[in-house]
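K.L.:
Sharing a structure with you now.
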Amino acid sequence: MASAQSAVGAYHDAPSMLRASLTSFTPIRTRETVKLWYGTIRREFIRYELPEETESFEDYLTLKHDAVFNIIPIPDKFEKDKLADLFCKRSINLYKDDKEIHEIIDNIKDFKKTALSPFLNLIILIKNRYRNNIDKTLKEYAEILLETDMPFKIMSAFARSQKIYAQILNQLDSIFYRHDRILDSNISKGGRTRAEDVYNLAKEEVDSTFNIAEPWFFNKTCLDKMLIVWNADSYDDIFDLKETRYDAISERAREDYNRIFLSFRDNMKIVRKYILNSRYSRPRITRDVQYPSSNMNFNQLLSPIFLYDVTRL
């Protein structure tokens, strides 16, 4: 049977983690004495620190899940606070167990060069994970559409959103890649541009991107959490659903679901327009993650009309 457990909610916390990791650091100009075989030299580099007052990613997840479950309607058998705590703890545990992410974040803290490459490494990791999972996600969307009563317009929009998410990842990569090249060119030419200023400019562009995309991500989180809790029989099977059905949502709650979906679709259009009008909209084939416009599993499972609807953005 088709379940939303893996396909639904494929990118809830990755964008939030990316934003926190890319923009929370403060660049500190540092000097140190290095002993070499021919003597000692003084060198200067940028060290990235997390200010003590910085809100932790765990705190952000707590606030986000509280907000989600204060908005969406839930079955009477569940409690909002308990659901928020359950989903939040799962997200935090997944984050804490992610050794690759923490290794890269530790590398950012320990980095002793004037460059932005460690931030690029984090973005590339998330892009590679997208590449490795997109075929599976699209196949599961198709199975949900064919095997359950999920409306065509909803699954079609979910599938299209995956392409826009790929474009957001490409934009984040382009932002840091461009500023890293600016920094490298400035150093090689003996320029006086401060590395701190280059990093802060990159942060501003990343923040601008997320300010546009965050309402869309939040809508998607609400939609997916509603599908999960309305299809679950108890707290114990919330993360082990066997099937995802639209008619499991009560008729009254379905009105809220459709209202949030319309907001999700409108916000997706806003994000798409922002990306297309960005200076980074021109693809760089060697670095950009590619959305599979001719996926074999997708072609086998979906009609040509639906496939066109998914890839025509």
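The values are calculated or read from the model by the stated rules, or taken from the named source; none is laboratory data. What you see is a predicted model; the values in this text were computed from it and never measured. Counting neighbours? That spans all protein chains shown, and the Cβs are built from the backbone with ideal geometry, glycine included.
K.L.:
Restricting to the range 191-250, give me the number of residues that are aromatic (Phe, Trp, Tyr) and either over 27 Å from His179 (Cβ atoms) or out of contact with any helix residue (DSSP H, G or I) (no Cβ under 9 Å at 6 or more places or on another chain) (or both).
P.N.:
Filtering the range 191-250 down to residues aromatic (Phe, Trp, Tyr) leaves 199, 210, 216-218, 230, 235, 239, 246.
Next cut, either over 27 Å from His179 (Cβ atoms) or out of contact with any helix residue (DSSP H, G or I) (no Cβ under 9 Å at 6 or more places or on another chain) (or both) only: 218, 230, 235, 239, 246.
Matching residues across the range 191-250 total 5.
K.L.:
Among the residues of the range 14-27, is any modelled with pLDDT of 65 or more, surrounded by fewer than 13 Cβ atoms within 10 Å (Cβ to Cβ) and under 28 Å from Asn107 (Cα atoms)? Break it down stepwise before answering.
P.N.:
Step one: filter the range 14-27 for residues modelled with pLDDT of 65 or more, giving 14-27.
Still in the running and surrounded by fewer than 13 Cβ atoms within 10 Å (Cβ to Cβ): none.
No - not one qualifying residue is present in the range 14-27.
K.L.:
Right, next: Taking the residues in the range 132-141 that are in contact (Cβ under 8 Å) with a residue 24 or more places away in the chain and surrounded by fewer than 15 Cβ atoms within 10 Å (Cβ to Cβ) as candidates, determine which candidate is nearest to His179 (Cα to Cα).
P.N.:
Initially, the range 132-141 is screened for residues in contact (Cβ under 8 Å) with a residue 24 or more places away in the chain, giving 133-141.
Within this subset, residues satisfying the condition of being surrounded by fewer than 15 Cβ atoms within 10 Å (Cβ to Cβ) are 135-136.
On the way: Asp135: 32, Lys136: 34 Å.
The selected residue is Asp135.
K.L.:
Just checking, which of Ile228, Ile175 is modelled with pLDDT of 90 or more and in contact with a Leu (Cβ under 7 Å, 6 or more places away or on another chain)?
P.N.:
It is Ile228.
K.L.:
Go over the candidates Tyr38, Tyr48, Tyr11 one by one and state the one that is at pLDDT below 85 and within 30 Å of Ala159 (Cβ to Cβ). Steps first, please.
P.N.:
Details: Tyr38 fails: within 30 Å of Ala159 (Cβ to Cβ); Tyr48 fails: within 30 Å of Ala159 (Cβ to Cβ).
None of the other options fit; the residue is Tyr11.
K.L.:
Here is a follow-up. So in the range 142-188, with the set limited to residues that are of a type in the set (Lys, Arg) and closer than 23 Å to Arg279 by Cβ, which one is surrounded by the most Cβ atoms within 10 Å (Cβ to Cβ)?
P.N.:
Looking at residues that are of a type in the set (Lys, Arg) and closer than 23 Å to Arg279 by Cβ, I get Lys163.
K.L.:
How many residues does the range 92-125 contain that are surrounded by fewer than 17 Cβ atoms within 10 Å (Cβ to Cβ), out of contact with any strand residue (DSSP E or B) (no Cβ under 7 Å at 6 or more places or on another chain) and in a loop (DSSP other than H, G, I, E, B)?
P.N.:
2
K.L.:
Moving on to the next point. Applying the selection to the range 252-265, what residues are farther than 13 Å from Ile154 by Cα and exposed (fewer than 15 other Cβ atoms within 10 Å of the Cβ)?
P.N.:
Across the range 252-265, the qualifying residues are Arg252, Glu255.
K.L.:
Oh, and also: Can you tell me which of (1) in contact with a Lys or Arg (Cβ under 8 Å, 6 or more places away or on another chain); (2) over 24 Å from Arg19 (Cβ atoms); (3) without any contact (Cβ under 8 Å) to a residue 60 or more places away in the chain is the one Asn70 doesn't meet?
P.N.:
(2)
K.L.:
Next up: Of the residues that sit in the range 236-254 and are among the hydroxyl-bearing types (Ser, Thr, Tyr) and either over 26 Å from the mean Cα position of the chain (by Cα) or in a loop (DSSP other than H, G, I, E, B) (or both), which one is farthest from Lys77 (Cα to Cα)? Can you show your working first?
P.N.:
Filtering the range 236-254 for residues among the hydroxyl-bearing types (Ser, Thr, Tyr) gives 244, 246, 250.
Pick out the ones that are also either over 26 Å from the mean Cα position of the chain (by Cα) or in a loop (DSSP other than H, G, I, E, B) (or both) and you get 244, 250.
Values: Thr244: 18, Ser250: 13 Å.
Filtering the range 236-254 for residues that are among the hydroxyl-bearing types (Ser, Thr, Tyr) and either over 26 Å from the mean Cα position of the chain (by Cα) or in a loop (DSSP other than H, G, I, E, B) (or both), the one farthest from Lys77 (Cα to Cα) comes out as Thr244.
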